[in-house]
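The values are calculated or read from the model by the stated rules, or taken from the named source; none is laboratory data. Remember, it's a predicted structure, so these values are computed and weren't measured experimentally. Cβ atoms come from the backbone with ideal geometry, glycine included; neighbour counts cover every protein chain shown.
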Amino acid sequence: MSRPKKFRQICNEPSYNSFSPHNCSNDDIVVLFVDEYETIRLLDYEQLDQEECAKRMGVARTTITSIYSSARHKLSDCLINGKQLVIGGGNYCLINNSGKYTFRKYKKIDKEKIMRIAVTYENEEIFQHFGHTENFKIYDVENGQIVSQIVKNTNGQGHGALAGFLLSEKVDVLICGGIGGGAQNALYELGIALYGGVSGNADKAVKDFIDGNNLLI
């Protein structure tokens, strides 16, 4: 049996979670996990050495070396190849001012508990191109019942900005029409469950999802 992955200690979650090149035509998205972001913050921004960084994050120095190498490769991939960057996901614990931990990890969808569903939205229908979505309709579901719903403008363009928007809204599930492979991979790494290729009325699709019906019918 493999050893469980140790949670990395994080002082602060990122204030900004998505970046895109100007006039970006590249739909590829790179996900920088929060622990990778933290190594960049501590080593490059605060200019700590790797030993002190390891103490802050509660892991071995060799682990920091590995995380930092992965983070820098992802950043260089974005800079050189014009890819969009989203920061989020991973297994980590947030240390608050009292020294207590709040754990963050990939979400497991449980329809019997509180859940947030987002749908690409236009004129009450599911908008069919994720990368051009201007609005999401967001539903809060508790114990199988919709308890609130609201339409929100994305205020951003491109797949990376939209993935960052969903992350900032703490979305658990996305229902949409067409969506590219890069965005699919990014949502998976961010822990957002995806139901793509869906068309028709947005409200009905959410009700079908909650009731366990096939969304593709």
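Does ARG61 fit the bill of being surrounded by fewer than 17 Cβ atoms within 10 Å (Cβ to Cβ) and either on the phi > 0 side of the Ramachandran plot or of a type outside the set (Gly, Ala, Ser) (or both)?
Numbers: surrounded by fewer than 17 Cβ atoms within 10 Å (Cβ to Cβ): yes; either on the phi > 0 side of the Ramachandran plot or of a type outside the set (Gly, Ala, Ser) (or both): yes.
Spelling it out, ARG61 is indeed surrounded by fewer than 17 Cβ atoms within 10 Å (Cβ to Cβ) and either on the phi > 0 side of the Ramachandran plot or of a type outside the set (Gly, Ala, Ser) (or both).
Mind counting the residues in region 153-187 that are within 13 Å of the chain's Cα centre (by Cα) and at pLDDT 85 or above?
Result for region 153-187: 18.
Sort out for me the strands (runs of 3 or more DSSP E) sitting completely within region 1-106 that have 3 or more residues that are of a type in the set (Val, Ile, Thr) and at pLDDT below 95. Lay out the reasoning, then the answer.
Numbers: elements: 8-10, 29-32, 84-87, 92-95, 101-104.
Filter on region 1-106 gives 29-32.
Within region 46-63, restricting attention to residues that are among the charged types (D, E, K, R) and touching a helix residue (DSSP H, G or I) at 6+ places or on another chain (Cβ under 7 Å), which residue is nearest to ILE95 (Cα to Cα)? It would help to see each step written out before you state the result.
Keep residues of region 46-63 that are among the charged types (D, E, K, R), which gives 46, 49, 51-52, 55-56, 61.
Next, only the ones that are touching a helix residue (DSSP H, G or I) at 6+ places or on another chain (Cβ under 7 Å) stay: 51, 56, 61.
Values: GLU51: 19, ARG56: 10, ARG61: 20 Å.
Among residues in region 46-63 that are among the charged types (D, E, K, R) and touching a helix residue (DSSP H, G or I) at 6+ places or on another chain (Cβ under 7 Å), the one nearest to ILE95 (Cα to Cα) is ARG56.
Yes or no: GLY197 part of a loop (DSSP other than H, G, I, E, B), outside the structural domain of ASP77 (by TED's automatic domain parsing) and within 20 Å of GLY90 (Cβ to Cβ)?
On the way: part of a loop (DSSP other than H, G, I, E, B): yes; outside the structural domain of ASP77 (by TED's automatic domain parsing): yes; within 20 Å of GLY90 (Cβ to Cβ): no.
For GLY197, the condition - part of a loop (DSSP other than H, G, I, E, B), outside the structural domain of ASP77 (by TED's automatic domain parsing) and within 20 Å of GLY90 (Cβ to Cβ) - is not met.
Could you please let me know if LEU190 is closer than 27 Å to ASP28 by Cα and modelled with pLDDT of 85 or more? Break it down into steps so the answer makes sense when it comes.
Values: closer than 27 Å to ASP28 by Cα: yes; modelled with pLDDT of 85 or more: yes.
Yes.
For region 151-192, enumerate the residues that are more than 12 Å from VAL86 (Cα to Cα), surrounded by fewer than 18 Cβ atoms within 10 Å (Cβ to Cβ) and among the small types (Gly, Ala, Ser).
GLY156, GLY178, GLY180, GLY181
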